[in-house]
1. Could you tell me how many degrees, from 0 to 90 and to the nearest 10, lie between the Cα long axis of helix 64-74 and the main elongation axis, the longest principal axis, of the Cα atoms of the chain?
2. What share of all Cα pairs of segment 104-172, in percent, falls into each consecutive 5 Å distance bin?
3. Run the numbers for residue 183 and residue 106: contour at 0.36 nm per residue of separation, minus the present Cα-Cα distance, in nm.
4. Express the accessible area of the chain per residue in Å², computed with a 1.4 Å probe while the remaining protein chains stay in the model.
5. In whole percent, and with a 1.4 Å probe on the protein chains, what portion of the accessible area of the chain is carbon and sulfur?
6. Long-range amide H contacts for residue 112: which residues qualify at under 5 Å (H placed 1.01 Å from N, peptide plane, sequence gap of 5 or more or a different chain)?
7. Using alpha carbons only, how many angstrom separate the centre of segment 105-157 from the centre of segment 63-81?
8. Can you tell me the relative contact order of the chain? Whole percent, Cα pairs under 8 Å, sequence separation 6 or more.
Amino acid sequence: MRIDVFTIFPELLEGFSSVALLGRARRDGVLDLRIHDLRDATTDARRSVDDAPFGGGAGMVLTPGPLFQAVETTDPPRPLYLLGPRGRRFDQSVAEELAGLAAGASGGFSLLCGRYEGVDERVSDHLVDGELSIGDYVLAGGEAAAMVVIEAVSRLLPGVMGNEASAQDESFTSGLLEYPHYTRPADFRGWEVPEVLRNGDHARIERWRRLKALQRTIDERPDLIVARGGISDEEQRLLDAEDPDRSS
Ligand code: SAM
């Protein structure tokens, strides 16, 4: 998959993406991440990318010239998304959608990072294909958001995660949070790993994990239960068998 990123702080993205899972994906050629410095597309000696807002007000705004120039000379894979708080909310389903672009005609997608007070509106109107937000809060720039998007998408690409199965039963994939994990020691400071996970009965383990994922999602993220259309009859029977007081 190819992902192009446009930023005034390429070193932030280079550092983050050169180690661990992303670093390996890049070295293995699974992820073709191209990070472009918007200042390389400037024409003045100061390499300016921002200017004061028309109409006055605090802060500076990224000026359209270098942004258009950088994108037009690169011809990056589309869609090109501007990162910003008003964009479409990035979640696991969007990550899966973007990972699917690896197999599409463009072979990927691109991200444009804002800074300061934001980006000249003509960039939204005439350069990008859409906007992505990673949540209802305001960051200082789009780089951290780009890193979130790149990591969430990349780990869905075939060959990036060591164990392909681990991406399939994770939180959100089935509309539920993931079940709890434990590793050695079996007894840590008197807190024991549930017996069911230690007895080797895979059917019981599977059932326990399903139950815990359901209970955890009902308790901690009831909105996810609503979004997936509620609890199936089979799931309700599982819940009732474990805890008859927890009726729908
Ligand atoms: N003045 C803008 C506003 O009130 O909506 C905020 C600008 S913010 C300080 C600077 C840049 O950070 C934005 O242009 C955007 O690229 C990025 N950014 C901030 N919050 C973000 C979020 N929740 N998701 C994605 N990008 C964000």
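1. Result, in degrees: 70.
2. Reading the bins upward from 0: 3, 12, 20, 20, 17, 13, 9, 5, 1.
3. 23.5 nm
4. Result: 55 Å² per residue.
5. Ligands and nucleic acids excluded, carbon and sulfur reach 50 percent.
6. Hits under the 5 Å cutoff: 6, 81, 82, 83.
7. Cα centroid of segment 105-157 versus Cα centroid of segment 63-81: 13 Å apart.
8. In percent, rounded to a whole number, it is 18.
The values are calculated or read from the model by the stated rules, or taken from the named source; none is laboratory data. As the structure is a computational prediction, the values presented were derived from the model and not from experiment. FYI the Cβ positions are ideal-geometry reconstructions off the backbone, even for glycines, and counts take in every protein chain you see. We work out accessible area using only protein heavy atoms, side chains counted, and drop any ligands, DNA or RNA first. Shrake-Rupley method; radii C 1.70, N 1.55, O 1.52, S 1.80 Å.
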